[in-house]
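The structure appears right after this line, and notes come after that.
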Amino acid sequence: MTREAFVNGEYTDYNKSFIHIEDRGYQFADGVYEVFAIIESKIVDYEGHIKRLYRSLNELRIISPIQKKSYKFHIKEIIKRNIINNGLVYLQVTRGVASRDFKFPKNSKSSIVIIGKNSPSDYYNDNFNKGISVKTTNDLRWKRVDIKSLNLLPPVLAKQFAVDNNCDEAWLLDENGYITEGSSSNAWIVKNKTVITRPVSNSILNGITRSTLIKSLEKVGYKYSERRFNLNDIKDADEAFITSATQFVMPVIRVNNIKIGNGNVGKFTILFKEIYFKSISLS
Ligand code: PDD
């Protein structure tokens, strides 16, 4: 099977798909993206992701290269052409191609790329059953991480720092020692049957998985608190986990050398995973 990508209006062979050397995404990280989870060839929480994509585009004053209603068609087409059952679709829009100059170009057309891939089978369940380890590091990102922009060097370095320390994810510390979020996920702890996560602001990405989980917690009447937490709170926590389109709900069993709870996957995290999957919309 030939893998296919959607690049600026055309379906192309993945191995022969190219973007111009003066695309502003390449030169300045001048663009935005979304990652969609695919389950049984359906898009998870499409509406939430597309709404956030338009918010990111508007914040950066990038004009969408295609009509809003066309996004779903092309994502579906990528799922179909690449026979994606359970996996991911990655979608990126940049300000387009122009001779390198910091100010916005006058006449460039935004670029779009959509690619997709299957995830290894049982990848999620295997990781869930093991749980992941987290390393903390300073949050070196810019002040508008609520925008899902391509400006990802600090999270790349943070994730590599975690991996270099035999961990799977980095949790980022603000200047007051509070966790903002993960390098590519939202961060949560559970204490005394209350689930705690940082409130939405310019210092975190408003995760679609986060929103769906909060809605499902409300539905079952489980207590949650949107407040900041730090390493002392983590030491006292009964459970911890992360959420994202790639990890769904994923248990954290260790942060630095702090064992969370009894060091096993927590029972509430198992419950949250179940209620999360019951609340997602598939389209
Ligand atoms: N990352 N916070 C950050 C910094 C993220 O990069 C992500 C997602 C999230 C979770 O958002 P959502 O639940 O909408 O996926 C939070 C994606 C998966 C990525 O960059 O690969």
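LEU157 meets all of the listed conditions (1) more than 12 Å from the ligand (Cβ to nearest atom); (2) crowded, with 17+ Cβ neighbours inside 10 Å; (3) in a helix (DSSP H, G or I) but one, namely (2). Residues that are over 19 Å from THR246 (Cβ atoms) and more than 21 Å from the chain's Cα centre (by Cα) within the range 259-283 comprise LYS259, ILE260, GLY261, ASN262, GLY263, ASN264, GLY266, LYS267, PHE268, LEU271, listed in sequence order. Near the ligand (Cβ under 10 Å from one of its atoms), β-branched (Val, Ile, Thr) and modelled with pLDDT of 95 or more - does that describe any residue in the range 217-240? Checking the range 217-240: not a single residue is near the ligand (Cβ under 10 Å from one of its atoms), β-branched (Val, Ile, Thr) and modelled with pLDDT of 95 or more.
Looking across the range 188-215, the residues that are within 17 Å of GLN247 (Cα to Cα) and either of a type in the set (S, T, N, Q) or more than 16 Å from the ligand (Cβ to nearest atom) (or both) come down to THR197, ASN206, THR209, SER211, THR212. Considering the range 213-227, the residues that are open to solvent by 60 Å² or more (accessible area, probe 1.4 Å) and of a type outside the set (Phe, Trp, Tyr) include one that is nearest to LEU91 (Cα to Cα), namely LYS215.
Exactly one residue out of ASN230, ASN256, ASN264 is among the polar types (S, T, N, Q) and open to solvent by 50 Å² or more (accessible area, probe 1.4 Å): that is ASN264.
Among the residues here, GLU181 does not qualify as among the charged types (D, E, K, R) and free of Cβ contacts under 8 Å to residues at least 24 places away in the same chain.
Of the conditions (1) within 11 Å of the ligand (Cβ to nearest atom); (2) surrounded by fewer than 17 Cβ atoms within 10 Å (Cβ to Cβ); (3) not acidic (Asp, Glu), PRO105 satisfies every one except a single condition; which number is it? Result: PRO105 fails condition (1) only.
Tell me whether the range 129-141 contains one or more residues that are hydrophobic (A, V, I, L, M, F, W, C), assigned to a strand (DSSP E or B) and surrounded by fewer than 20 Cβ atoms within 10 Å (Cβ to Cβ). There is no residue in the range 129-141 that is hydrophobic (A, V, I, L, M, F, W, C), assigned to a strand (DSSP E or B) and surrounded by fewer than 20 Cβ atoms within 10 Å (Cβ to Cβ). Evaluate the range 251-270: report whether one residue or more is under 30 Å from ILE79 (Cβ atoms) and in a strand (DSSP E or B). Yes - at least one qualifying residue is present in the range 251-270.
The values are calculated or read from the model by the stated rules, or taken from the named source; none is laboratory data. On a predicted model such as this, the values are computed, not experimentally measured, just so you know. Cβ coordinates were reconstructed from backbone atoms using ideal geometry, including for glycine residues, and neighbour counts include every protein chain displayed. Only protein heavy atoms, including side chains, enter the accessible area calculation; ligands, DNA and RNA are left aside. Shrake-Rupley method; radii C 1.70, N 1.55, O 1.52, S 1.80 Å.
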